[in-house]
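Before any comments, here is the structure.
The values are calculated or read from the model by the stated rules, or taken from the named source; none is laboratory data. The model shown is predicted, which means the values in this text are computed figures rather than measured ones. Here the Cβ is made from the backbone with ideal geometry for all residues, glycine too, and neighbour counts use every protein chain on show.
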Amino acid sequence: MVSVNPLSATSNNGKTIASFFEGHPVDSIAQVFFHREAPSSPVCRKYIRITDAHILRFLTGYGRRPVAAEALHAEAATTGQSVASQANLDRVKGWWWLRLLRSLAWRFTPWESSPALVAWLDEFDPQVIFFCGGDANYLYPAVEGWARRFDIPVAFYITDDYVLPISTRSPARLIYRRWTRRVFRRMTRGAGAIFTIGDHMSKVYEARFGFSSVPIMNAVDIGRRTPPQSVAGERVDFVYVGSLHSNRWRVLSDLGSAIQVLRTEGVDCELTVYARDRPTGEAGAGLASSRVTYGGSLGQEEVAQVLARATVAVHVEAFDRESKAVTALSISTKIPEYMAYGVPILAIGPEDVASMLYVRDGGFGRCVTTQDPEDLLSAARDLAQDPEERGRLSARGLELAVINHSSSKVSALVREVLSGLVSRGSGWSAKSGCQARMPAHW
């Protein structure tokens with residue numbers, strides 16, 4: 001398995017990928033990752049990572065020593081938090097010249113030939129590569145190289161869109177995106193299977209690029225949950241669990257203002273935001289002015305406790321053009337969790353974004369697709385004052401969670417596709433195109 005982020009019990013991308021491999025033999029999985037965050041998932045015991053710090057040490061040492069790689073043992077998979085704050089990470093993500101220079105440094109540093117990494121790969125002797133590269137364009141040639149070296153297939157997983165044309169005034173961002181599109185297209189031609197985060201992405205990419213793919217979304221443990229019972233007149237807790245980047249905090253601030261209006265109308269309600277880092281700067285001021293409560297950072301068990309008590313779960317997507325370009329084809333990893341806990345959803349964002357389409361078409365949430373404060377106030381008021389509607393939405397969400405997000409079902413699908421690639425003995429071929437489709441019985 002190769003991805004930027006490590007497998008995780010809490011962080012979005014790592015948590016999603018880990019959910020696909022629940023039930024797989026632990027010793028049959030190993031991960032190469034490229035982030036300072038430590039892994040925290042029990043589905044894998046064998047890890048190795050290379051980070052920006054390793055690349056900088058190599059470059060500042062003028063290449064006198066090979067790039068280091070850090071092997072992690074099983075016990076490292078039980079704890080670990082991100083070293084860098086989300087706020088700092090978000091700022092760096094907006095500096096496109098810096099990101100371009102960083103990618104160039106990785107691309108022209110021989111990190112993939114690190115003796116420690118090569119020995120680690122040889123010892124594990126992989127049969128298939130599950131690759132989630134996002135816009136880390138410097139990783140794609142290395143994955144192709146490993147596929148060719150071991151003569152094994154690649155299963156390529158796409159979670160966000162980094163390749164469709166966008167309007168931007170940044171030359172660096174344009175160059176970066178074109179570079180990513182080029183390696184993305186090569187990967188889709190050579191991969192034995194392609195997974196996407198949802199039906200909408202699969203349909204758009206097939207129409208645009210001509211390749212078929214298997215949609216898989218975040219898998220959750222549903223168990224024997226039943227929708228919570230709502231009672232008229234009880235306190236209504238609106239809860240948001242997730243990140244505040246891509247201008248999501250602005251939408252949450254608008255919702256906070258609507259909830260303040262409801263409080264003046266005598267409705268006992270509150271909006272609480274749970275995020276990794278306390279919002280600061282413009283985001284902190286905006287949320288504070290709307291009297292949005294910051295509930296802190298949550299571990300996985302705490303997320304379960306919060307959602308079990310929540311009256312309404314909130315999902316937001318920003319309306320500005322740049323934020324929308326990033327999230328247009330993606331399904332939020334939190335939506336399946338909300339569904340699995342039987343919590344009705346208030347979804348706010350552009351009507352053509354994949355997450356909004358999923359909530360609308362599934363019929364398990366109330367969608368607000370305009371920036372009109374009256375529309376937002378009306379939706380929040382309806383959910384706060386109508387326990388029967390909340391109950392109906394809760395039941396529908398739980399029903400769809402069983403169908404679309406059951407961890408046993410999703411992991412079985414992933415296992416079947418990967419096993420098929422291995423059994424066919426298919427390796428990398430830049431002319432083959434995607435060979436795997438959704439199994440007929442799914």
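Give the number of residues within the range 1-40 that are assigned to a helix (DSSP H, G or I) and of a type in the set (A, V, I, L, M).
3
As a summary of the residue check, ARG169 satisfies the conditions (1) in the same structural domain as PRO6 (by TED's automatic domain parsing); (2) touching a residue at least 24 places away in the same chain (Cβ under 8 Å); (3) not acidic (Asp, Glu) except for the one numbered (2).
Only residues that are acidic (Asp, Glu) and either at pLDDT 95 or above or touching a Ser or Thr at 6+ places or on another chain (Cβ under 9 Å) (or both): list them for the range 269-301, please.
GLU270, ASP277
Against the criterion of being surrounded by 18 or more Cβ atoms within 10 Å (Cβ to Cβ), more than 30 Å from ARG169 (Cβ to Cβ) and not assigned by TED's automatic domain parsing to the domain that holds SER243, VAL414 qualifies. Of all residues in the range 261-278, those being basic (Lys, Arg) and in contact with a Gly (Cβ under 8 Å, 6 or more places away or on another chain) number 1. When we screen TYR47, TYR62 for residues that are out of contact with any Cys (no Cβ under 7 Å at 6 or more places or on another chain), modelled with pLDDT of 90 or more and of a type outside the set (Asp, Glu), the only hit is TYR47. Of all residues in the range 334-365, those satisfying the criterion of being surrounded by 21 or more Cβ atoms within 10 Å (Cβ to Cβ) and either of a type in the set (Lys, Arg) or in a loop (DSSP other than H, G, I, E, B) (or both) are LYS334, TYR341, GLY342, VAL343, PRO344, GLY349, VAL353, PHE364.
Yes or no: LEU357 more than 27 Å from ALA258 (Cα to Cα) and touching a residue at least 60 places away in the same chain (Cβ under 8 Å)?
no
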